[in-house]
Amino acid sequence: MTMPVIANTKCDLYRNGNSPPANPDVAGIPIQLRPAWVSGQESGDRPGLTRAMTFTHVAYCDSAADVRDAYTGDCGFVEQDSIYVPDQSGTKFRVVFVELVGRSLSNEHFRLWLDRQQPNWPTHDL
């Protein structure tokens, strides 16, 4: 299936336990990255929701990408994948949640809920 939005950057994906300067587990995934600060922080208003489930950005990518989230159900969290935008030397984003959108349709894709980690300033990778 194809991503229904135009990618505006790429990212390198790292599984839990792997991080730069090691080679990424998956390199050069095209994504569209969008800010989502306000809505991402409001998600923390839900009773029982931990800070680990809040997000700062949303990204869209092809559903063929093997991206794994941190959500274990019942507001639980376990460390999983991280992406680095635009590559392993860029800004780290922790993958909070992966949502399949348009299942079995021609525009099937993933929506990734991301939590930006501390970037190296100055940065234009956001």
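Each reported figure results from applying straightforward, stated rules to the coordinates on display, with no laboratory input. All values reported here derive from a predicted model rather than from experimental measurement. Heads up, the Cβs are rebuilt from the backbone with ideal geometry, glycines too, and the neighbour counts pull from every protein chain shown.
What is the spin-label model distance, in nm, from Gln117 to Leu100 if the labels are put 7 Å beyond Cα along the C-beta direction?
2.8 nm
What's the local net charge at Asp12, with K and R +1, D and E -1, over the other residues with C-beta under 9 Å away?
Local charge sum for Asp12: -1.
Starting from 0.36 nm per residue, how many nanometres of slack lie between Ser89 and Ser19 once their C-alpha separation is accounted for?
24.2 nm
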